[in-house]
Amino acid sequence: MPTIWIFAYICLWVVVVIEGLIIFTLISSLKKFVLKIQQGNMVDFKRELPLNTLAPAFKVKDQLNNVVKMGPNIGQDTLIVFISSTCSICKMLLENLEKLKIEDRNIIFISEAKIEKSYIKLISEQNYSYIASQQIHQDYNVFNVPKAILISNDGYVQENFPLSSWEDLNTNIKQLA
């Protein structure tokens, strides 16, 4: 057997051993990574805004080009209602907007994408603000709609709850008063 073949076999076995060591190292690292995720030390999943924390600030224009602000010292309690253009419950709530009986609070409707003009008109007729902003949805960690978040006049989250009807919202708001 020529020496070239012996050399080739030796090189081949060296490469196989090196690849085996690399695979062993990768598997060990992957096991450590999975263990860290299972323990929850490495990954911080976003959750809904905790109560009594400062609400994320924003300053945007609503459907009537009025400036809408959220942050510390906003001067009045604000109810933010998160909605979606594809949510059937949201559409039902908007169609029955006159049943919303909340006084002494600023009300802002926020959707990730533009909703139908007829719904924007209903919101405007009640003198509420409407904003289309995916960023605000993300800042407030809203993943399910419809959802209401009550912000105190000093900018802190007082309450957040899912919505199924305006009656539920009216009841929840009265309980907080």
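The values are calculated or read from the model by the stated rules, or taken from the named source; none is laboratory data. Predicted model, so just to flag it, every value in this text is computed and none were measured. All Cβ positions, even for glycine, are placed from backbone atoms using ideal geometry, and neighbour counts span all protein chains on display.
Scan the strands (runs of 3 or more DSSP E) fully inside segment 71-177 and keep the ones with 1 or more residues being under 18 Å from GLU48 (Cβ atoms).
Fully inside segment 71-177 and qualifying: 78-83, 106-111, 147-151, 157-162.
Run down ILE6, ILE102 and say which single residue is in contact (Cβ under 8 Å) with a residue 12 or more places away in the chain and either of a type in the set (Val, Ile, Thr) or over 30 Å from ASN170 (Cα atoms) (or both).
Being in contact (Cβ under 8 Å) with a residue 12 or more places away in the chain and either of a type in the set (Val, Ile, Thr) or over 30 Å from ASN170 (Cα atoms) (or both) holds for just one of ILE6, ILE102, which is ILE102.
Would you call ASN144 assigned by TED's automatic domain parsing to the domain that holds GLN63 and over 19 Å from MET70 (Cα atoms)?
Here the answer is yes, as ASN144 does meet what is asked.
Modelled with pLDDT under 90, outside any helix (DSSP H, G or I), among the aliphatic types (A, V, I, L, M) and within 30 Å of PHE143 (Cα to Cα): does that describe LEU49?
Values: modelled with pLDDT under 90: yes; outside any helix (DSSP H, G or I): yes; among the aliphatic types (A, V, I, L, M): yes; within 30 Å of PHE143 (Cα to Cα): yes.
Yes.
If I filter segment 52-63 down to residues being assigned to a loop (DSSP other than H, G, I, E, B) and either loosely packed, with under 12 Cβ neighbours inside 10 Å or of a type in the set (Lys, Arg) (or both), which single residue comes out as nearest to the chain's Cα centre (by Cα)?
The selected residue is THR53.
In the list LYS59, LYS99, which residue meets the criterion of being charged (D, E, K, R) and modelled with pLDDT under 90?
LYS99
Restricting the first residue to segment 136-165 and requiring it to be of a type in the set (Gly, Ala, Ser), which pairs with a second residue that is part of a helix (DSSP H, G or I) and modelled with pLDDT under 90 meet a Cβ separation below 6 Å and a spacing of at least six or different chains?
Filtered contacts from segment 136-165: ALA148/LEU169.
Would you confirm, using the coordinates I've provided, whether LEU79 is in contact (Cβ under 8 Å) with a residue 24 or more places away in the chain and either touching a helix residue (DSSP H, G or I) at 6+ places or on another chain (Cβ under 9 Å) or not aliphatic (A, V, I, L, M) (or both)?
yes
For segment 104-134, how many residues are of a type in the set (S, T, N, Q), buried (at least 19 other Cβ atoms within 10 Å of the Cβ), over 16 Å from ILE89 (Cβ atoms) and at pLDDT 90 or above? Spell out how you get there, then give the answer.
Step one: list which residues in segment 104-134 are of a type in the set (S, T, N, Q), which gives 106, 111, 118, 124, 126-127, 129, 133-134.
Subsequent filtering for residues that are buried (at least 19 other Cβ atoms within 10 Å of the Cβ) retains 106, 111, 129.
Okay, now just the ones that are also over 16 Å from ILE89 (Cβ atoms), so 106, 129.
If we keep only those that are at pLDDT 90 or above as well, we get 129.
So the answer is 1.
Within segment 27-43, does at least one residue satisfy the condition of being surrounded by 10 or more Cβ atoms within 10 Å (Cβ to Cβ) and within 28 Å of ASN172 (Cα to Cα)?
For segment 27-43, residues surrounded by 10 or more Cβ atoms within 10 Å (Cβ to Cβ) and within 28 Å of ASN172 (Cα to Cα): absent.
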